[in-house]
Structure formats: structure tokens, C-alpha cells
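Beneath this line is the structure, given in C-alpha cells, with notes to follow.
Every number in this text was worked out from the coordinates using simple rules, so none of it is lab data. Source: prediction; values computed, not measured. Cβ placement follows ideal geometry from the backbone for every residue including glycine, while neighbour counts extend to all protein chains displayed.
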Amino acid sequence: MNGMKSELYIKKILKNTGVTRKEIQDMVENKKVELKGLISEEGALFIIARELGVDVKEENKDLLNEIDLNISDITPNMKNINLIGRIKETYNINKFTKSDGGSGHVGSFLLQDDTGDIRIVLWDDQVNIFSESNFEENELIQIINGIAKKNKYKNVEIHVGRFGKLILSPDDVDHNKYPKIKSKLMNICEVNLNHKSISIEGKIIQIAPEREFTRKSGEKGGVRSLNLLDSTGSIRITFWNDDIAKIKNLKVDDVISISNLNPRLNTLDSKSIDLTVNKSSKLKKLQKKLHIEVELIENIETLQNFKGITSFKGKITSVDNLKTIELKSGERISLLGFIVSDQTDWIRVTLWAETAEEYSSKLSLNQGLLLKNVMVKYSTFSQRNELSIINDSTLELIEVEIDNLKTRDLNNGSIKSSFSGNYRKINSINTPGIVEIKGY
């Protein structure tokens, strides 16, 4: 591009619009600022001409190559975005009622280039591209005249409406510059909100029953979740509606891989991230075993800033009575809670069912305990991390010397002041602290 080409655009704009040369110059500077200096004067003039309805089709091919952006360049409120990448995953098309009473449609897909990925949102007639035979994962696509906006999760996405354009398998693009997407497995401990699409592999340690709910429209929906474990941690994966069928034949201890999962902040625990399955997610049951073995941590206090599977040792400083509780399903199971302490902190451990019954007669105060491969989870009740047992967990009674044990302080406000019903026998009380007793 050169100065003569810039002047040609200016003359075309002057001839076909009522704007002045000074106004054009101001618009060029504003456009260059908007695009953070990623565009030349000629490129800015091309975009401005198109915005003003000036015909510049003959220059279209040369300039489009110049003004294509990378996904990493996109910031909120950018306009006239031209972007090229590959379709990473596709989502559902939804129908809605507009403010004027008419019906509208919205659909979306995830676009990826070598700098990242971004959600592309299509409105009304633009969703027709979903019915094209070559609209599929890994296909190259060009976005023309998109607008960048923040969604409700504060993530930037690109919207394409009636003034935008989508070109599948564009002819004038070097496809070798955009290599095909290869799925890469991520460790659970690495999952974060910056990734739009995640693939993981692990062992199922828990499957929740399906729960039915009613939408605002009155329609019924379903939701089910499972917890997946790898050598770095565990995470909850949620399945909605038709996707629930994907886990129909799965059971605890099955090893699976799942691709194209979307991360979401846990609504109850701001420290945790969940993963959500969508229609492009692929689940595969793997014919292999996953052995979990983690290193022993030194101090219990570190568990309050930890997530996942851990091993540690300490002394028992409190043991509740064995309880029987009734689940929502109506099933009655045993529950046993106890506190393990060292010189740095304490943490609560919960055992369930047969494990609770087995250890209710084995555990006693001041006893040393080695806990291997136990899961750390945040409790909204105590507002602390607590521990639960999985199939890979083991509990071993040991001899251990620990001075100045840290015990639970019920006066610090971290525990709700209410009776637990865990009554102690008087002759079993042999350490300082608060206990519950009953008698006459």
C-alpha cells in the first residue's frame, strides 16, 4: 500500500458521502487507536469506507489480508473485526422472543488460531451456516465485520449480526498458516477459566444421581455430575439434559477421557472450578487402570490452601459418635467424623458407610494416624477445607510423637454454634476442649 492508494480511498469517501477531509482524518486516527495500532492508514480507510457504505470491492482482497487480527489481539468493544481460524467446537442454536414479539435465533461456536481461542456468537440468519455440510470441527472459517463484547462470565466474545459475514473454507487464505487442531490432555490441577475448551483424563471417584428441575418456561430439564480424579487433583463435571446419556453405563473406578469441556466457577465455592459438558464434548471409556499415589505433606496447615488428593499424618484429637443419616434417595448410611491435628493446624475427616462402621471401633483420642490419598474439599458449613475418603484412600494406625497439638477452637466463629448431637461418655474425656454430654 502507498500514499496514492490512501488518497484514492479518501476521494471515494468524499465523493460518495457528505463528510469532510478533516472528519475522515479524525476517523482514521480513531480507528487506529481502536485497533491498537495493528492497522495501517490504508487499512483504516478501507474499514471506514465500508462503514460509510462506499463501494471498495476491487480493493477488498488486498486489504483483507492486512487487517486480519489474531485472537490474542481482541479486546472488548472492538468493531469491524476480521478474523481467521479453525472451528474448535460448536454449540446449540437457541430460539428466543424479541422485544417486538418476533422470534430470533442465536448460536455459537469456538474459534481457534495459534494465539488462543474465542467464542463466536451468531444472530438470526447468520445461524444458517450451521446447516452447511462443511461447517464442522477443524474447518477453516473467516469472520468479517464482527464486534467484540464481554459476556456474563466477563469473557470476551465476538458477535456477528446482519452486517457481518462468515466465509467457510476461504479460497484466498493460506490454509497451512492455520494447522489443524489436535486435542491435548490437561492435568486437573492446571484447569483455569482462561481456557475456553478443556480435555482431561481420569478415574471416576463419584457419580451423583440425576436431578430433575423445571425451567422458567415450564419445561423439565435434568442434570447429573461426576467427580474425576487424576494424579494432580479432582474436579466435578456436570452433564445437562440429553448429555446425561453419555454417562449412563459408567461406574465408579472407570477411567475415561472427555474432550471439549467448558470451565465455570463453582457457584458455592469461589475457590473451585467445575467443568461442563456440551454437545461437542466426546467421552471415551478407557481400558486401563489409573493408580493414584501422592507425596506426603509435612504440615496440616498447608491443607487449607490445597485442592485435590493428598497424604499426611497426625494425631486424632476428637472423634464423633457413629451416626446413621438418611440420604435424599431414602437410603440410610453410616457417618463418622473426627479431627486430626499436628503442631500447625487441625482438619476434619469424614468417613461413610462400611468404612465409617469399620473405623468407629478402631479410632481413639491421641492415636497416631497416617492418611493416604484422601480428597481435600471445601465445606461451606465450616468455611474450611475438610477431608473425605475415596476408593484409593487408606488409613493406617501409627505411633507418632507430636508436641503442642493444635485443636479446634469453637470460640473463633469459624464453626456455627449449635449442638451436633455427638455425645461423649464421661470416662472417655481425657483432653481439653468443648464436648457434648447428656445424663441425669
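Structure notes:
- Counting neighbouring beta carbons within 10 Å and listing from fewest to most, the residues ARG119, ARG162, ARG264 come out as ARG162, ARG264, ARG119.
- A simple charge model with +1 on the Cβ of Lys and Arg, -1 on the Cβ of Asp and Glu and nothing else charged puts the dipole of segment 227-371 at about 660 debye relative to its Cα centre.
- Proximal lysines relative to LYS282, as straight alpha-carbon distance under 21 Å, when same-chain residues fewer than 8 apart are discounted: LYS88, LYS180, LYS182, LYS184, LYS196, LYS203, LYS246, LYS248, LYS251
- Summing charges over neighbours of LEU370, with a neighbour being any other residue whose Cβ is under 9 Å away from its Cβ, gives +1 when K and R count +1 and D and E count -1.
- log10 of Debye I(q)/I(0), alpha-carbon scatterers only, for segment 142-229 at 0.12, 0.18 Å⁻¹: -0.77, -1.11
- In this structure the amide hydrogen of MET78, modeled in the peptide plane, comes within under 5 Å of the amide hydrogens of ALA148, none closer than 5 places in sequence on its chain.
- For segment 300-428, the dipole from Cβ point charges (+1 on Lys and Arg, -1 on Asp and Glu) about the Cα centre works out to 420 debye, to the nearest 20.
- In the chain, taking the dipole from charged Cβ atoms about the Cα centre, the farthest positive-side position among ILE244, THR115, ASN82 is held by ILE244.
- Fully extended contour minus Cα-Cα distance, from LYS149 to CYS189, at 0.36 nm per residue: 11.5 nm
- Per the Debye calculation on the chain with a single equal scatterer at every Cα and no solvent contribution, log₁₀ I(q)/I(0) for q = 0.06, 0.09 Å⁻¹ amounts to -0.41, -0.75.
- Ranking of ASP73, ASP114, ASP345 by count of other Cβ atoms within 10 Å, fewest first: ASP114, ASP73, ASP345
- Between ILE309, ILE389, LEU322, the Cα set farthest toward the positive side of the dipole of segment 300-428 (charges on each charged residue's Cβ, about the Cα centre) is that of LEU322.
- Within segment 300-428, percent of DSSP bridges classed antiparallel, to nearest 5: 95
- Each label point was placed 7 Å from the Cα along the Cα-to-Cβ direction; for LYS79 and ASP174 their separation is 3.2 nm.
- Rounded if a/c under 1.5, otherwise prolate or oblate - segment 279-376, Cα gyration tensor axes: oblate
- Computed on the chain, with alpha-carbon pairs under 8 angstrom and 6+ residues apart, the relative contact order is 8 percent.
- In this structure, the residue pairs whose Cα-Cα separation is over 27 Å, taken from LYS152/LYS177; LYS152/LYS220; LYS11/LYS79, are LYS152/LYS177.
- For the chain, built as a Gaussian network whose Cα springs stay under 10 Å, the top-fluctuating residue of VAL319, VAL191, VAL54: VAL54
- Counting only DSSP beta bridges whose two residues both lie in segment 70-181, roughly 90 percent are antiparallel.
- Gyration tensor analysis over the Cα atoms of segment 300-428 returns equivalent ellipsoid semi-axes of 21, 18, 17 Å (largest first, whole Å).
- Ranking THR214, ILE256, SER199 by how far each Cα lies toward the positive end of the dipole of segment 193-286 (charges on Cβ) leaves THR214 at the top.
- Using the Cβ of ARG264 as centre and a radius below 14 Å, the other residues enclosed give a net charge of +4, where K and R count +1 and D and E count -1.
- Dipole moment magnitude, nearest 20 debye, segment 70-181 about Cα centre, only Lys, Arg, Asp, Glu C-beta charged: 600
- Mean separation of Cα pairs under 8 Å and 6 or more residues apart, divided by the residue count, gives segment 193-286 a relative contact order of 32 percent.
- Convex hull per residue volume in Å³, alpha carbons only, for segment 193-286: 112
- Distance from segment 79-123 to segment 165-180 (C-alpha centre basis), Å: 18
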